[in-house]
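Taking it in order: structure first as structure tokens, then the write-up.
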Amino acid sequence: MPAPVATITNLTATGDAIIGPGGITTMVKGLPVACLGDAVAGPMCVSGAITVTTATTKLVKGRPAANLGSMVAGVSPLGVPVSTAVAVCPNVNELV
């Protein structure tokens, strides 16, 4: 089932932001589309990346696009492994 596409600056369930680099040639509402492998950082995940997405057929610069529910894995400021999901994607008109 299609889900809203994630862009740079969208947030995870723990409040961390997708910081990029994203697919800089593919824009949604003026922001680059987030892709598998893009960095994620914030108060709960200081060193993370998007590791799983369901949009495996939508490629942006050769990488699968990230969407609502894409999984993020990283490390907390205390060094504890963190796993969260992309939870805030206001791009409901753009589905992948």
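Points to keep in mind about this one:
- Where trypsin sites (Lys or Arg not before Pro) fall in DSSP loop in the range 1-78, at most 10 other Cβ within 10 Å: 29
- As a ratio to 2.2 N^0.38 Å, the alpha-carbon radius of gyration for the range 11-88 is 1.02.
- Theoretical FRET efficiency, 1/(1+(r/R0)^6), r = Cβ-Cβ of residue 27 and residue 88, R0 30 Å, to 0.05: 0.95
- The residues 14, 57, when put in order of fewest to most other Cβ atoms within 10 Å, stand as 57, 14.
- Pairs of Cα atoms nearer than 8 Å and 6+ residues apart set the relative contact order; for the chain it is 33 percent.
Quick note: the coordinates plus some simple rules give every number you see, no bench work behind them. Since this is a predicted model, take the numbers as computed values, not measurements. Neighbour counts are summed over all protein chains in view; Cβ atoms, including those assigned to glycine, are modelled from backbone coordinates with ideal geometry.
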